[in-house]
2 protein chains.
Amino acid sequence: MGDKVTFNISKKNNFSKWYSEILNKAEITDMRYKVKGFVVIRPWGALIIEKMYKFYEQALQRTGHLPSFFPSVIPKENFEKESEHVKGFQPEVFWLDDVKGESKLALRPTSETVFYQMYSLWIRSWRELPLKLYQRANVFRYETKATRPLIRAREFYWIEAHDVFATKKEAEEQVHEDVKMTEAVMHKIFGIPFLPMKRPEWDKFPGAEYTIGSDSILPDGKIIQQPSTHLLGQNFSKAFDIKFKDKKEKENYVWQTCYGPAISRILASVIAMHGDDNGLVLPFLIAPIQAVIIPIYSAKNKRNILQESEKISRLFFQQGISASIDDSEKRPGEKYFYWEMKGVPFRIEIGEKEIKSGTVDVFIRDLKERVKCRIKNLSEDIKNLGAEFDARLVKNADNLFKNSIENCKTKDEIKKALGSKKIARIPFCSVSDGGIKCAEYIEKNLQARVMGTLLKKEKPSASSKCLICGKKACEMIYAGKSY
Amino acid sequence: MGDKVTFNISKKNNFSKWYSEILNKAEITDMRYKVKGFVVIRPWGALIIEKMYKFYEQALQRTGHLPSFFPSVIPKENFEKESEHVKGFQPEVFWLDDVKGESKLALRPTSETVFYQMYSLWIRSWRELPLKLYQRANVFRYETKATRPLIRAREFYWIEAHDVFATKKEAEEQVHEDVKMTEAVMHKIFGIPFLPMKRPEWDKFPGAEYTIGSDSILPDGKIIQQPSTHLLGQNFSKAFDIKFKDKKEKENYVWQTCYGPAISRILASVIAMHGDDNGLVLPFLIAPIQAVIIPIYSAKNKRNILQESEKISRLFFQQGISASIDDSEKRPGEKYFYWEMKGVPFRIEIGEKEIKSGTVDVFIRDLKERVKCRIKNLSEDIKNLGAEFDARLVKNADNLFKNSIENCKTKDEIKKALGSKKIARIPFCSVSDGGIKCAEYIEKNLQARVMGTLLKKEKPSASSKCLICGKKACEMIYAGKSY
């Protein structure tokens with residue numbers, strides 16, 4: 001903590017090293033815990049995650065969701081009720097040692113089979129619908145691939161929302177509302193653009209009718225899967241016997257959806273998307289410290305300058321800006337370096353000269369530029385600069401994302417696109433089970449994954465052929481490399 | 001949810017039934033999940049818990065603590081490092097089925113052996129001290145006694161703070177700061193009075209030098225253990241090899257403390273302490289809805305009255321008061337009943353008459369009285385009434401608590417005190433291991449637990465004898481019945 005921090009790694013040339021290093025140097029995570037796949041999230045990471053949770057929970061509550069806490073363990077009999085679900089998740093489950101008098105217990109990899117046992121007890125009539133609950137929770141999945149902190153670990157931190165409706169129409173509307181929520185929070189607040197992708201039949205959530213995933217991209221061209229929303233239809237309501245009486249007293253199975261933003265994983269995108277060769281760049285709205293104040297003093301004027309710094313800090317606090325004064329014994333240059341690496345959006349340097357002139361230099365993390373601001377208007381200015389800061393991050397991310405999608409007309413072009421860190425847009429035969437062979441071809445020969453089709457359906461021209469098998473192309477799919 | 005709610009159980013005559021019923025009727029918890037000891041916390045409970053977490057986390061951050069997320073699983077080798085600790089917790093541990101390539105894994109019953117492996121990696125010099133981290137987390141304990149929702153379950157929701165210092169003096173100061181935090185948050189905000197008790201030698205936290213518990217009382221005279229803070233001394237730093245170099249470059253083991261407020265358990269006290277025969281009574285500061293607005297309308301004036309209700313609700317929102325309009329189709333009487341049962345502090349009835357006169361009746365949940373307020377000043381008034389509301393709950397709880405401590409001079413008086421739902425204050429031989437026989441006597445013959453001695457040491461008069469064994473009384477202890 002007192003140590004001099006040196007961070008200067010090329011994100012462009014060696015993203016993988018850059019990412020590992022920044023997590024260590026900015027004290028976001030630590031991989032040295034003695035169990036494979038279980039990663040410690042340190043205070044700087046936890047503070048960001050808490051702010052991200054806050055925005056997500058607000059968005060959920062605004063759309064009629066309420067919080068709850070459900071158990072972490074699932075009795076085997078619950079877990080096995082929906083046949084596709086158990087098939088899909090079985091290999092990833094951590095089981096508990098036998099507990100006296102209990103069915104075998106699983107640690108939740110996801111909580112459909114926890115919530116829905118209760119839903120079958122709670123729901124009786126149309127009056128209870130819609131029912132929209134969520135929980136913030138840690139979940140557990142037995143991953144066999146290499147751990148990548150925040151991206152792939154055996155325990156992660158997410159929100160899961162489980163919604164119940166009287167009709168299929170309402171459930172489908174919820175799926176769209178979930179995608180809008182991803183857009184409003186993950187894209188517009190956290191600055192992570194994504195493609196809302198309807199997954200191919202062979203890649204949907206186990207137990208769902210269909211799945212809309214959100215795929216974003218990492219600077220090394222790898223796609224990263226972000227929040228998914230699933231139309232569960234009546235698969236689980238039939239398995240768990242969740243029925244309601246409609247207004248005509250007729251009994252029906254309910255319609256269900258679920259939605260799962262993994263906050264720790266979205267943080268991976270935030271770090272990867274916005275960071276630069278000097279370290280983190282955090283969006284203003286989720287930065288634990290939004291402005292750091294660096295007092296520049298000699299022994300003579302120390303007291304006065306610290307007082308002025310305090311005054312500014314107090315003003316910021318009253319205006320809802322989180323600020324911190326760095327009055328440690330490090331040299332100013334070291335402090336600059338440290339807080340740039342931590343991704344703090346604004347740095348305010350204040351010394352004798354600044355107090356006299358009534359103006360300070362505000363250093364802007366992403367631009368690495370200084371602007372002059374009057375001390376009198378500082379809170380107002382920082383808020384405005386903060387809004388501009390976040391808008392700029394979104395815009396830059398959007399540009400990068402837009403440029404990373406490549407229209408492909410031949411197999412070679414797919415290969416080229418994937419080789420140059422892009423997502424390939426491909427005319428394709430079919431995303432129902434008929435297309436699985438072509439998807440396997442892409443996986444084996446191009447080491448890429450078929451992400452699916454855009455939620456807002458695009459159709460290839462009538463004469464298009466599937467670039468893999470040459471049959472008629474009925475879909476426009478996207479494919480990319482992933483970890 | 002649409003159902004008419006009937007709740008009218010005597011808390012005084014049948015607390016146990018009252019408590020179970022209120023948890024069901026107010027939709028705080030549900031016991032019907034298919035695994036023994038794992039309780040579902042429903043939205044009304046979760047919303048209160050979230051507010052309680054917020055106050056506790058603020059208090060922790062104000063005293064220099066930072067949040068973090070540590071893994072939920074503990075490798076056996078970590079768990080076994082501190083011999084007293086493992087002895088104490090072993091019987092309560094849920095173990096995972098063997099995981100390939102891993103040491104046997106425990107689900108955390110508490111996280112000393114998780115945090116401290118990392119602390120030994122992070123701490124090198126006095127510059128890193130003090131280190132004060134906390135996490136909000138779910139923990140797991142294999143309880144064999146009957147489940148009591150929020151009071152005793154196999155999974156519960158708490159905060160654990162793990163602090164590290166260079167000297168024993170600082171560590172002991174932290175123990176006192178923790179007790180002050182319990183006082184500031186649990187007593188002054190949540191309205192739960194308690195006795196800070198130094199536990200007898202035989203009842204301290206496994207691995208601690210000593211433990212300060214906080215004991216409160218339930219309306220049936222049972223004591224309920226609330227946040228404990230522990231001076232761990234150097235027991236864990238020696239077991240985990242957590243050393244630092246002091247300013248003279250000399251290597252020392254660190255001094256440690258830990259503190260564990262169980263938020264779900266404090267909610268049990270909040271419900272039990274403040275509720276009445278009509279249902280919950282929630283402190284203003286942690287009520288999910290602080291004021292409910294009931295529009296009283298006919299078909300003719302419905303639109304106008306709903307508009308006025310909206311106006312008030314919007315004003316409340318701007319002033320940071322959480323309000324809700326109940327415009328459901330229930331009759332006003334049913335609505336009154338429902339929100340009283342839910343414990344909402346204030347109810348505002350607004351109809352034609354109120355709009356004309358510019359005044360409304362505000363019904364105050366705990367007093368069951370109405371006061372008139374001008375609509376113009378309503379936000380201000382509600383805030384003031386809210387502060388009075390909470391002060392009143394604290395005062396009432398304090399009175400009840402004060403009256404439930406009985407000075408005992410004979411064995412018979414102990415029996416009488418315990419029989420009349422009181423805590424017995426008893427001259428006692430010793431709280432080091434010499435007193436254990438007398439404690440066992442109290443346990444076996446009076447079915448009560450020796451809680452310990454007051455943190456602020458009291459001494460019995462020089463001639464006092466232990467009421468159990470008749471030897472010299474060196475301590476003044478407290479004993480009570482517990483679940």
Review point. Going through segment B:60-76 one residue at a time, which ones are more than 7 Å from every other protein chain (Cβ to nearest Cβ), of a type outside the set (K, R) and without any contact (Cβ under 8 Å) to a residue 60 or more places away in the chain?
Key: B:Q61, B:I74
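Considering segment A:458-472 alone, what residues qualify as being in contact (Cβ under 8 Å) with a residue 12 or more places away in the chain and either part of a loop (DSSP other than H, G, I, E, B) or of a type in the set (A, V, I, L, M) (or both)? Before you say what the answer is, go through the steps one by one.
The first filter runs over segment A:458-472 and keeps only residues in contact (Cβ under 8 Å) with a residue 12 or more places away in the chain, leaving A:458-460, A:464-469, A:471-472.
Once the filter is applied, which keeps residues that are in contact (Cβ under 8 Å) with a residue 12 or more places away in the chain and either part of a loop (DSSP other than H, G, I, E, B) or of a type in the set (A, V, I, L, M) (or both), segment A:458-472 yields A:E458, A:K459, A:P460, A:S464, A:C466, A:L467, A:I468, A:C469, A:K471.
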Point to revise | Selection within segment B:7-33 - within 8 Å of chain A (Cβ to nearest Cβ) and surrounded by fewer than 16 Cβ atoms within 10 Å (Cβ to Cβ) | key: B:R32
Check your understanding: Which one of B:S83, B:S68, B:S103, B:S10 is of a type in the set (G, A, S) and not assigned by TED's automatic domain parsing to the domain that holds B:T182?
Key -> B:S10
Exercise for review: Out of A:K437, A:K444, A:K456, A:K422, report the one residue that is outside the structural domain of A:L218 (by TED's automatic domain parsing) and in contact with a Ser or Thr (Cβ under 7 Å, 6 or more places away or on another chain).
Suggested key: A:K422
Check your understanding: What's the number of the condition B:M197 fails, among (1) under 19 Å from B:S432 (Cβ atoms); (2) modelled with pLDDT of 95 or more; (3) part of a loop (DSSP other than H, G, I, E, B)?
Key -> (3)
**Study point:** Set B:E209, B:E308: member being in contact with a Leu (Cβ under 8 Å, 6 or more places away or on another chain), over 19 Å from B:W158 (Cβ atoms) and not β-branched (V, I, T)
**Key:** B:E209
Review point. Would you pick out the residues in segment B:180-192 that are closer than 20 Å to B:K457 by Cβ and touching a Phe, Trp or Tyr at 6+ places or on another chain (Cβ under 9 Å)?
Key: B:T182, B:E183
Review point. Could you list, in sequence order, the residues of segment A:44-57 that are more than 12 Å from chain B (Cβ to nearest Cβ) and surrounded by fewer than 19 Cβ atoms within 10 Å (Cβ to Cβ)?
Key: A:F55
Point to revise | Which listed residue is in contact with a Pro (Cβ under 9 Å, 6 or more places away or on another chain) and not β-branched (V, I, T), from A:G64, A:G101 | key: A:G64
Exercise for review: Among what's in segment B:95-154 and is touching a residue at least 12 places away in the same chain (Cβ under 8 Å), facing chain A (nearest Cβ under 7 Å) and within 29 Å of B:M31 (Cβ to Cβ), pick the residue that is nearest to the chain's Cα centre (by Cα).
Suggested key: B:N138
Check your understanding: Pairs under 6 Å by beta carbon, first residue free of Cβ contacts under 8 Å to residues at least 12 places away in the same chain in segment B:316-338, partner of a type in the set (V, I, T), six or more apart or different chains?
Key -> none
Practice item. Please find, within segment B:402-457, the residue that is nearest to B:P219 (Cα to Cα) out of those that are in a helix (DSSP H, G or I) and touching a Phe, Trp or Tyr at 6+ places or on another chain (Cβ under 8 Å). Key: B:A439
Revision key, fill the gap. Segment B:293-381: helices (runs of 4 or more DSSP H) wholly inside it with 1 or more residues that are surrounded by fewer than 19 Cβ atoms within 10 Å (Cβ to Cβ) and of a type in the set (S, T, N, Q) are B:302-318, B:352-357
Check your understanding: Out of (1) farther than 21 Å from A:L131 by Cα; (2) buried (at least 16 other Cβ atoms within 10 Å of the Cβ), the odd one out for A:E77 is which?
Key -> (2)
Check your understanding: In the set B:K54, B:K36, which member is farther than 30 Å from B:I189 by Cβ and not assigned by TED's automatic domain parsing to the domain that holds B:K342?
Key -> B:K36
Point to revise | Test: A:I41 is closer than 26 Å to A:S482 by Cβ, more than 9 Å from every other protein chain (Cβ to nearest Cβ) and at pLDDT 95 or above | key: no
Check your understanding: When you scan segment A:155-189, how many residues do you find that are over 14 Å from the mean Cα position of the chain (by Cα), among the small types (G, A, S) and either within 19 Å of A:T110 (Cβ to Cβ) or part of a helix (DSSP H, G or I) (or both)?
Key -> 2
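The values are calculated or read from the model by the stated rules, or taken from the named source; none is laboratory data. These figures come from a predicted structure and were not determined experimentally. Cβ sites come from the backbone with ideal geometry, for glycine too, and all protein chains shown count toward neighbours.
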